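Asker: Dropping the structure in here first, questions after.
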Amino acid sequence: MNQVRTALIGAGWMGSALLQRLSERTDVEVAAVVDRKGGSAGQTLAALKLSHVPVHDELAKVTSDPSIHAVVIATPNAFHGAQAIAAMTAGKHVFCEKPCATRFHEFVRQIELEKANPKLITFVDYLMNFDPMEQRLQQMAADGAFGRITQIQVNYRHGVNITGNKAWKLSKEIQGDAIGMGIVHSLSVMLMIMKPQSHPVGVFATALPAQVRPFESEPIWNILVRFADGTTGVCLGNIDSGNGYDAYHNISGTKGAFVFESQLDREQKVRFWSEKVTDGKWIFPLDMERCKREGVHPWPADTTTPDSGDVFNHNTAACVGHFIDCIQRNEKSPLSFVNSALMAEIGFAAQMSAATGVEIMLPLDHAKATAFFGDR
């Protein structure tokens, strides 16, 4: 496939960023945009010199067009599930912002559709995994730099923007839950780091109602993930945090450890030791002067780290590029609906655990989960 004719669904804050990335690809033709009446699609298209692209107010105009190969879904959370299902049913490849669905039965249907249509390429935008630090960290874990990981913590604490047309995030009906809203980013990172070693088998979680802003769903979550090999993962999440963006990482292994503190000065953000990589001593690979004094090889000066909740500071180009490349190569993404199912299931399991006070086993028993969630 030379040109991937792609439609964007939702031209808001995230959608405009993804539209820009799509327009930068020489192998993508932006074929259409679906946006609500009176939305910002026209202004965004004009700024990108794409005023010729048609704007529709109905998804059916895209799903019924056989010339469109793929859709990119960037609407508010509650619409992701049904829109992805409609696109997949129509034979379109799907890039979906997280969460893939806010309703469990829609999540299950997405999995069924992908399995039934193996030629469809799907991708859930767990964009934190495309940060260079995360990719380096995943490779270090795969290479055994930490030995056997015994404990891992990845936080996501971020006061999400609820101003103006983003106030929908306060609504439980539209937002879904705080895990899907943002906390799942840290869970996805945790699972990708642990992937070569083990897989999650249980989730225990507690939640706290809103303390600052009027979120209808609980914005504060404490999630414990139990892995098959006995490793414990911890995620402290809060989408109403007033203390700045916190993507704290702490990995402890038998032969090494890693700490990332996003709120410190750049030189101090990353530190790690490894018998294999650093001869057993702690190093600060972003502190060029210290590395020079201690004879340590630093990370490249342009290395980015996940320091911000602003989408324009994330590597959206790599996310879009990955999706398009998967289509071009007819290759399943490791973050397809099926391949990333456990990331979504942890979120659903955490809700079940917080409500019942017990650990929920993974993979989820779909019959029990369907009975718990109903059509929620």
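Asker: Taking only pairs six or more apart or across chains, which ones have beta-carbon atoms under 9 Å, a first residue in segment 276-300 that is in contact (Cβ under 8 Å) with a residue 24 or more places away in the chain, and a second residue that is basic (Lys, Arg) and in a helix (DSSP H, G or I)?
Answerer: Note: pairs meeting the criteria are TRP299/ARG136.
Asker: Hey, can you tell me all the residues within segment 100-130 that are surrounded by fewer than 18 Cβ atoms within 10 Å (Cβ to Cβ) and among the basic types (Lys, Arg)?
Answerer: Scanning segment 100-130 gives LYS115, LYS119.
Asker: I've got another one for you. If I ask for residues that are surrounded by fewer than 21 Cβ atoms within 10 Å (Cβ to Cβ) and assigned to a strand (DSSP E or B), which ones from segment 202-214 would you list?
Answerer: Residues satisfying the conditions are GLY202, PHE204, THR206, ALA207, LEU208.
Asker: For SER16, only one of the following conditions fails: (1) farther than 24 Å from ILE162 by Cα; (2) among the hydroxyl-bearing types (Ser, Thr, Tyr); (3) touching a residue at least 12 places away in the same chain (Cβ under 8 Å). What is its number?
Answerer: Every listed condition holds for SER16 apart from (1).
Asker: While we're on this one: Checking the condition in a helix (DSSP H, G or I) and assigned by TED's automatic domain parsing to the domain that holds ILE327, which residue from LYS49, LYS61 passes?
Answerer: Exactly one of LYS49, LYS61 is in a helix (DSSP H, G or I) and assigned by TED's automatic domain parsing to the domain that holds ILE327, namely LYS61.
Asker: Which ones in segment 94-119 are polar (S, T, N, Q) and within 18 Å of PRO334 (Cα to Cα)?
Answerer: Across segment 94-119, the qualifying residues are GLN110, ASN117.
Asker: Separate question: What residue, of THR44, THR63, THR26, is over 21 Å from the mean Cα position of the chain (by Cα), surrounded by fewer than 19 Cβ atoms within 10 Å (Cβ to Cβ) and polar (S, T, N, Q)? Break it down stepwise before answering.
Answerer: Details: THR44 fails: surrounded by fewer than 19 Cβ atoms within 10 Å (Cβ to Cβ); THR63 fails: surrounded by fewer than 19 Cβ atoms within 10 Å (Cβ to Cβ).
Unique residue meeting the criteria: THR26.
Asker: Out of segment 64-85, which residues are touching a strand residue (DSSP E or B) at 6+ places or on another chain (Cβ under 6 Å) and not in a loop (DSSP other than H, G, I, E, B)?
Answerer: Listed by number, the residues that qualify are ALA70, VAL71, VAL72, ILE73, HIS80, GLN83, ALA84.
Asker: Within segment 131-167, work out how many residues are of a type in the set (Val, Ile, Thr) and loosely packed, with under 13 Cβ neighbours inside 10 Å.
Answerer: 1
Asker: Could you list, in sequence order, the residues of segment 276-292 that are out of contact with any Cys (no Cβ under 9 Å at 6 or more places or on another chain), buried (at least 18 other Cβ atoms within 10 Å of the Cβ) and among the aliphatic types (A, V, I, L, M)?
Answerer: Within segment 276-292, VAL277, LEU286 meet the criteria.
Asker: Can you name every residue in segment 93-131 that is of a type in the set (Asp, Glu) and assigned to a loop (DSSP other than H, G, I, E, B)? First the steps, then the outcome.
Answerer: Residues of segment 93-131 of a type in the set (Asp, Glu): 97, 106, 112, 114, 125, 131.
Answer for segment 93-131, where residues must be of a type in the set (Asp, Glu) and assigned to a loop (DSSP other than H, G, I, E, B): just ASP131.
Asker: Counting just the residues of segment 276-312 that are under 29 Å from THR254 (Cβ atoms) and aliphatic (A, V, I, L, M), which one comes out farthest from the chain's Cα centre (by Cα)?
Answerer: Checking each candidate, the answer is VAL296.
Asker: Among the residues of segment 255-275, is there at least one that is touching a residue at least 60 places away in the same chain (Cβ under 8 Å), among the aromatic types (Phe, Trp, Tyr), surrounded by 16 or more Cβ atoms within 10 Å (Cβ to Cβ) and farther than 18 Å from THR150 by Cα?
Answerer: Within segment 255-275, none of the residues are touching a residue at least 60 places away in the same chain (Cβ under 8 Å), among the aromatic types (Phe, Trp, Tyr), surrounded by 16 or more Cβ atoms within 10 Å (Cβ to Cβ) and farther than 18 Å from THR150 by Cα.
Yes/no matrix, rows are residues, columns are (1) within 23 Å of ALA178 (Cβ to Cβ); (2) touching a Gly at 6+ places or on another chain (Cβ under 8 Å):
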| site | (1), (2) |
| --- | --- |
| ALA17 | yes, no |
| PRO54 | no, no |
| THR75 | yes, yes |
| ALA78 | yes, yes |
| HIS93 | no, no |
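Asker: Quick one: would you say LEU8 is in contact with a helix residue (DSSP H, G or I) (Cβ under 8 Å, 6 or more places away or on another chain), outside the structural domain of LYS166 (by TED's automatic domain parsing) and surrounded by 20 or more Cβ atoms within 10 Å (Cβ to Cβ)?
Answerer: yes
For every residue, the table says whether it meets (1) touching a strand residue (DSSP E or B) at 6+ places or on another chain (Cβ under 6 Å); (2) without any contact (Cβ under 8 Å) to a residue 60 or more places away in the chain; (3) assigned by TED's automatic domain parsing to the domain that holds LEU19; (4) surrounded by fewer than 21 Cβ atoms within 10 Å (Cβ to Cβ).
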| residue | (1), (2), (3), (4) |
| --- | --- |
| ILE324 | yes, no, yes, no |
| ARG329 | no, yes, yes, yes |
| ALA344 | no, no, no, no |
| ALA349 | yes, no, no, no |
| GLY357 | no, yes, no, yes |
| ASP365 | no, yes, no, yes |
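Asker: Related question: Considering SER186, SER241, SER217, SER198, which residue is touching an Asp or Glu at 6+ places or on another chain (Cβ under 6 Å), outside any strand (DSSP E or B) and buried (at least 18 other Cβ atoms within 10 Å of the Cβ)?
Answerer: None of the other options fit; the residue is SER217.
The values are calculated or read from the model by the stated rules, or taken from the named source; none is laboratory data. From a predicted model like this one, the values you see are computed outputs, not experimental measurements. FYI the Cβ positions are ideal-geometry reconstructions off the backbone, even for glycines, and counts take in every protein chain you see.
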